[in-house]
Structures are given as C-alpha cells and as structure tokens.
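To start, the structure itself, in structure tokens.
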Amino acid sequence: MYRDPFFFNPSGQDDPFQLSRFSSLNSLRNVKDRKPDKQGRLVGPAIDLEDMLLLPHAMTALTLIDDPETLAPLQEAYQNDQTIFACYSVADSDLNAPPLSYLEVGLELAVGSLINLDEGRQSVLLQARRRVNVEEIWQDGRQLMMRCSLIKPRHRKSAALTALCRAVVDEFKHYASLVEFLNDDVVKYISEVEDPGDLADMILSTLDLTEEDRAAFLLQTNAPVRLEACLRSLMKENRLLELEAEIQSRVQSELDSNQRENYLREQISTLQKELNDGKAVDSDYQELSDALSSIQLPPEAREEADKELGRLAATPPFSPENGMIQTYLHWLVDLPWDKETEDNLDINHARTILEMNHFGLKKAKDRILEYLAVRSLKPTRNRQPILCFIGPPGTGKTSLGKSIADALERSFVRVSLGGVHDEAEIRGHRRTYIGALPGRILQTMRKAKTINPVFMLDEIDKLSSDFQGDPAAALLEVLDPEQNYAFSDHYLEVSYDLSKVLFITTANTAASIPAALLDRMELIEFSGYILEEKTAIANQFLIQKQLQENGLEDEPIVFTPEALKAIVEGYTYEAGVRNLEREIGSVLRKIARLKSEGQTFPREITVDHIVEFLGPAEFFPAEAEQNDEIGLATAIAWTENGGEIMPIEVLVIDGKGNLQMTGQIGEIMQESAQAALSYLKSKQELFQIPDDFFEEMDIHIHVPEGSIPKDGPSAGITLATALTSAVLGVPVRHDVAMTGEVTLRGRVLPVGGIREKVLAAKRSGINTVLLPRKNEKDLRDVPPQVLNNVHIILVEHMDEVLAAALVDKPINRKPRAAASRAKKKKGASDQPDAPET
Ligand code: ADP
C-alpha cells in the first residue's frame, strides 16, 4: 500500500485543490453516508488501513498491488455507491502473532472508481467522512466486518470556543504564508469552517504530523480538546518554519555577499592585471619586503615586520586590512632606526655659529658650549641633558635651538605641544583604531630621518590633561633617560630608542609645567630685551634677514636709531623681537614695491618713513601716575610678554566690614589681599585705627584693565600699601613702583621676574623701584644702563615699604575715613580734634 498526499473536499462545491480533475471525484459525491439503526449503530464491510491514518475530510489515493482481499470490498462499495469502514489494526510487538486489536476509533469511507495503473497496480480514491466508535470487528469469510456507532458532538458553543477557533484560523493563515502548497482559496475555504471539530481535522490534515500524533488526533473525539491540540501543533510548526526561513535567508545573504565580494575582487584583479601587465598586486608587497630587508631593524621590530609581511601576503590586495598593514610597514621603513649623524664637537666652531646667529643669550650659549666640552672629553657618555628654554615669545628660543643643531651638525625638528590634552597625541592610537597613526613624537622622528636629532618640544607649559589620559606622563617617558631608550608608541607596538635625541623644551613660564617634568629638566631663562638690545638685534640680525627675504640684500638700507626706537615703542608691545622683525619686514616690503615700480626709495629709514609706511603708532608706553594719590599704589607685574606696571586702587566706604575685589583677580592674588588686610588690622593700634573701623566700613580693591586676568602673590606689598594709604588717608608717591609678597606680620618675601619688572618700571618712567631684599641677586641680570637710571630700594618689611612709598609717615595719623565717619555720626561741632585732610 502506498500513501499519496492528503486532499480533502467534502462538499464538492468549492474545489481549491482542483480535485474535480480526478475523474472519480464526481462518483464520490454520489456516495451516501450510511444510516444508523434505531440504537444508532452502523454495520458494514471494513478494510484495515493499518498505518494509513486519515482524519475526516481527508482524501487520498490508495494504490494496491494485486491485493484481491482489500480490493473486493472496495469494488463492491464503489459499485453500490455505499460507504465502507476503515479500521486500524494495532501491530503487536510479537511479529508472529496475528493483529488482534484495533484502534477504538475508525472511519466511514467513500470509495471512488478503480483505476488500473501499469504493472498490475490499481489505485482508488478514498474520502474519509465520519469518525466512528468501533464496537466489534469480525471476519465474515474473507470479508472483514465492523459494527460501530456514530460519535455525537459533545461541545456547546461558547465565547471561549469561538476565540479558540479564531486563534487557530489566524495561526493557520500564518502557516499558509510560510508554506507553498496552500493557496488563497484553500485558506479562505478553511477559514470559513465553523464547526470546531471539522476545523481541527481539516487543518491537521495539511500538517506534516507523525504517525503517533495522527493516531492521537483520530482518537481524540472531543472537538474543543482536538482543536486546542491542533493550535499547539500549528504554533510549533510555525516557529520551526520561521526559524528555518531565518536560517535560510542568513545563509543566502552570506552566500550572496561572499559571491559578490569574490566577484568584485576577481574583477578588480583582472582590471589591475590589464593595467599593469599583471604586476600590480605583488609589487607593493615586493617593494615593502625589499625596503624592510635593506634597513637595520632591532630584533623586536624585525620580528613584527616579518609577521606583518606574512599577513600582508595572506590578505586580499584590496581589503582595508591590506591597506592598514601596508601603512604600518611603511612606518617601519620610514622611521630612522640606525642612521646617526656624527656630532661636530669642535667648541670654536660651535661658538662661531651661536654668535653668528644670536645676540646676547649668554647663559644659554655657555650651557651649550659646556655640553660640547663634556661630550668631547667623554664621548661615550650617552645621557643627553634635557634643556628647557623659558622666556617670553620671540626671545630666540627656537632659533637658538636651530643654531645648536647647526653647531652640532645634527638635524633639527620641532613639535608644538600647545593644547595637547590626549595621551594618544604623544603616543599614538592602537592599530585597531580606525585611521590610527603613531603619536607626534614618532611622526617627528620620521621627519628627522636620523636617530640623534635636536628635537624641540615647544610650549611644554601649554600641555593640558583630561579624561583621555595624561600627556605629561607620556612625555616623561619620552624625556626620561632611564626610560626613553625603549619608548613605546601605541601604534608602533615595538619599542623605539629615543636615547640619542637631544631634547630641548621651550615654555613661556615655568609655573605651568607639570612638576614631574620640571624635575627632569635644566631650566635656562630667556629674558625680555630692553630697547637697546632690541635695536642691536635689529641692526645685527633682523634687518639683514628681512632684506634678504624681500630681495633687497644688494641695497645698502639702514634704519636710524630713532626709527628703530619708534618701531619698538610705537608699533610693538612685546618682550621679544618677533613683532619688531615683522614690522621691519613690513617697511622693507613697501620699499621693495617702490623699487620694483621703478620709483625712488629711501636708503636711510627715518621716523618719518616709519609713520609713512606703518601708519600712526599703535602703542603708547604705559605711563606712571602723574600725581600722588590716596589708595592708589603701583605694582609691577610679570606677564608672558615681559613686565608691566599695574596700578592698584583701594576705596574705603561706609558698610559692614566687607572686602570686595574686582578686576579679574585670581585666587592667589585674592589671598594676598586678605593677607595684606590682616597685616593692616594687626597694626590697628599702632596706626590708631578706631576699634570698630573694619566692622563698619567696606573695602573695595580694584585692579584696572579688568579684561586681563591677574594672579600671583607678588602684588602683596602693593596691596598692603594701597590699603594702608586708603585707610589712613596718606597719599602714595606716584613715582614709586614695587613688587614682593607680604606675610601676615609684614615680612616681604622674594618674587620672580625681577629683570622684566625693573625694565617695565623703567619703560614706564618710574624712577624708584621697591624690591624684596632676597631678590638682590637677580639684579645682576638687569642691564647696567637701566640700573643706573632707576633707584632700587631693597626692603625686608612692610615698615620699610610704607616709609618709602607713602608721602607721609603712617604713624600718628588718624584714619581719614574713620574720622569722617565719626564726624557724620556725632556732628562736626562735637568733634574737637578732627584731622585736617
Ligand atoms: P621664541 O622661540 O622664543 O618664541 P624665536 O626663536 O622664534 O623666538 O625668535 C623670533 C625671531 O627673533 C627669530 O627670527 C629670531 O632669530 C629672532 N631673535 C630672537 N632673539 C634673538 C637674538 N638674541 N639674536 C638674534 N635674533 C634673535
């Protein structure tokens, strides 16, 4: 017996499976169901369908080979238009025993016409109609007979059952969308079936169930229970089908993209071959491989290079990976590993070069010559000093670095660290990072092309750190001779030797250099230049340089001293000479133009020419106050541009003992003001300041030019002086400027930037400068022509400061503000000894 796919079409009105194509279908329609007797029983011939488990409404073609026992009842039923019964024998485990038992549920079957197939095979169409309860089965001669009863529906209509039907129909629709063999007509037909038992049976007939499941469904005569079980089977089937579809589509898309990639790759390589006679793909590899074998790499780098070369050979030429490996190998090739220039240690040669390019800068030049001397005496000494040039912009730090490289005959490179806040900028990004490159140190080493350049790290004071890691820590590794022979860059991954590099760092101020770095460096100060020095630098270097740059080297052009002075004072405002050089350049460009236009041009540049070429002056020297005033004292501040005088104003007004400070005063300066005030309070009795004075007055300290932030402790004595003057009503001498930190007990502590400050005071027309005694040594740096023109008073205590700065003695004076306040309170007539002001 063979089993063909199930079909069903019980009513014959709709024919989604197009069963009418079967010629015997119409005859099936004529077959009437058997009528039960009075007890509701049915009796008739039966056939044993064994494992061909049908459910009601299913149709199947039964193919038989020479099986007269089965064929006879079928033929008879067909001829009489009668149904027969199907029963299912249950095979015993003992193969020799005859099948004795049957499933307790059987089917009523309609039989179609017999078709003769080839080789003695016959086929007959069967349609399952109703479930029956098998009561007895017996053998009548050669004929199997069955007595059975109809199964009555036991369920009632309910909302829950309707909902269950709907859920089953929904799930079935989904199922139909996942399989191919159920068309829209079938779905529509089944969706409209109302009887839950029929619905379950029809749907179950379309599912691919196991024999056991099918038997269980046949035996399940309770329609709602069957329907629920049907829903479970449907859902399970749907999940499986979805999963299958997902797996299929994944596999398909993988296949698609692989095919696509292979196809494109194939195309590209064909094109490349066309273009380059087939050499292109391999030539990069060969080039890199040759380049790598021609250089001397340390073992670690060699290992990495070999590894990466191997990977390069194994990666498809046009994959991004390939590009990344090539970039990396190019870096290995391009970095200097063993190429070293030989130092010229001839001190005279070095001295000549340094003098030839630079005016002054004695300390820095001496230090370099010492270094050369030591190197020439002890050539094996490997450790390089780390010099840090500190000073305002334009004071020759960079250009001296370049001259040092020239003197030593080393290559010179520089990198600016201003604004670097990420460790990766120093040390690079790991190669896994897209677009990764080595950090600035190795990028600069590549430019140097030798392993022993003079390497200038500019603006080391402008490093900042944030959550991205601390660049200063990475720099420490760069500079530290204990570590820098094996500097690790994240990109390169193999250590790189920086120990032969001569590092020079530059900064405008030492204050903001991270302490750990400062520790390792030797500071060399570059101070600002005074007018005379600037004029000398211009005459000896800048004018010549600018003449050359503007194509005027053949012209004997000179600037008069007055003209240079006019530029320095009226058009530049700086401690260095960068702007001076720029302005000289501007003047010479104007002359170059006149010359090229064939016009006459001056050979000697005077003040008038300056005004003509540069326009009206832009700066006017800061001028000292013209009159002695109460509560106004002059401090000298150090700025990145050099020194500057800074007036400090104090006002005492009625109030509640508040101290107010304005003019962008930084924290340290505010503390300094508090200390100055405490100092004054400690002198309350001596200065005869009334008891409640500080509780009933407000003090306002203001430092003009509020847009410029000011900070530092060095205005301490000036703050104390202005405060004392304001409280006691004694004016401060207008021609005195001062600098120094003050303690609570009035002691004066030393401060930095003395040279710049004295120069600034001189520039501003101040003739008396008060300096902390401990700063006396710093006066050596002040040019004598300045010292000769300024009266320097060295002080140790506020008493000396007040004595020199106030026009009158502070002692035995009644505080002016307090007096006037007292006057207000009591009335003028009650105040017999009001001081005259
Ligand atoms: P910095 O690095 O300190 O900012 P630079 O080295 O860039 O300054 O100097 C700016 C310009 O001034 C350069 O052209 C430099 O040659 C020149 N210059 C600065 N100081 C001197 C000096 N002492 N002698 C000769 N030229 C100088």
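Worth a mention:
- All-pairs alpha carbon distance profile, the range 374-445, 10 Å steps from 0, percent: 15, 34, 32, 17, 2
- Taken along its principal axes, the alpha carbon cloud of the range 450-536 reaches lengths of 53, 34, 21 Å, longest axis first.
- Column: log10 I(q)/I(0), Debye, Cα scatterers of the range 595-678, q = 0.10, 0.13, 0.23 Å⁻¹: -0.51, -0.67, -1.28
- Each residue of the range 514-526 was assigned a 3J(HN,Hα) from its phi angle through the Karplus expression (A = 6.51, B = -1.76, C = 1.60, θ = phi - 60°), giving x, 4, 4, 6, 4, 4, 8, 10, 9, 7, 10, 7, 10 Hz with x at Gly and Pro.
- By the helix-only formula, in which each DSSP H run with n ≥ 4 contributes -39500 (n - 2.57) and the sum is divided by residues, the chain has a 222 nm mean residue ellipticity of -13000 deg cm²/dmol.
- Packing order of peptides 310-316, 490-496, highest average first: 490-496, 310-316 (average count of other Cβ atoms within 10 Å over each peptide's residues).
- For L770, distant residues with modelled amide H under 5 Å away: A737, M738, T739, I793
- Ranking V374, L150, I65 by how far each Cα lies toward the positive end of the dipole of the chain (charges on Cβ) leaves V374 at the top.
- Neighbourhood net charge (14 Å Cβ-Cβ; Lys/Arg +1, Asp/Glu -1) for H490: -3
- Proximity of backbone amide H atoms, modeled 1.01 Å from N, is registered between T505 and L387, C388, F389, L457 at under 5 Å, excluding neighbours fewer than 5 places apart on the same chain.
- Beta bridge orientation in the range 667-800: antiparallel %, DSSP, nearest 5: 25
- D_trans [Stokes-Einstein, Kirkwood Rh over alpha-carbon pairs] for the range 378-494, 10 °C, 1.306 mPa s, µm² s⁻¹: 104
- Ranked by how many other beta carbons lie within 10 Å on average, peptides 249-261, 116-128 from highest: 116-128, 249-261
- log₁₀ of I(q)/I(0) at q = 0.13, 0.17, 0.26, 0.30 Å⁻¹ - the range 102-157, Debye sum with one point per alpha carbon: -0.52, -0.76, -1.05, -1.11
- Counted charge near L71, where neighbours are those whose Cβ lies closer than 15 Å (Asp, Glu -1; Lys, Arg +1): -3
- Nearest-ten-degree value, helix 561-571 long axis tilted from longest Cα axis of the chain: 40
- Spatial offset of the range 570-644 relative to the range 141-169 amounts to 111 Å, using the alpha carbon center of each.
- Amide H contacts of L498 (H built 1.01 Å from N, under 5 Å, at least 5 apart or other chain): Y485, A486, F487
- Relative contact order for the chain: 7 percent, from Cα pairs under 8 Å spaced at least 6 residues apart, divided by residue count.
- Take every DSSP beta bridge whose two residues both sit in the chain; close to 60 percent of them are antiparallel.
- Highest to lowest packing among 673-684, 136-147, 318-329, scored as the average C-beta count within 10 Å: 673-684, 318-329, 136-147
- In this simple spin-label model, placing a label point 7 Å from the Cα along the Cα-to-Cβ direction at both L241 and A291 gives a separation of 6.0 nm.
- Net charge dipole size for the chain [Lys, Arg +1 and Asp, Glu -1 on Cβ; Debye, nearest 20]: 2520
- Look at the alpha carbon pairs under 8 Å that are at least 6 residues apart: their mean separation over the length of the range 295-363 gives a relative contact order of 33 percent.
- Set of lysines near K809 by C-alpha distance (under 24 Å), chain-local residues within fewer than 8 positions excluded: K681, K683, K823
- The spacing between the range 709-766 and the range 321-350, judged by their C-alpha centroids, is 53 Å.
- Based on alpha-carbon atoms, the Kirkwood radius and the radius of gyration of the chain give Rg/Rh equal to 1.38.
- Coarse-grained scattering of the range 704-780 at q = 0.18, 0.21 Å⁻¹, given as base-10 log I(q)/I(0) from a Debye sum over alpha-carbon atoms: -0.83, -1.10
Values in this text are rule-based calculations from the coordinates and carry no lab data. Just so you know, these numbers come straight off a predicted model, no measurement behind them. Heads up, the Cβs are rebuilt from the backbone with ideal geometry, glycines too, and the neighbour counts pull from every protein chain shown.
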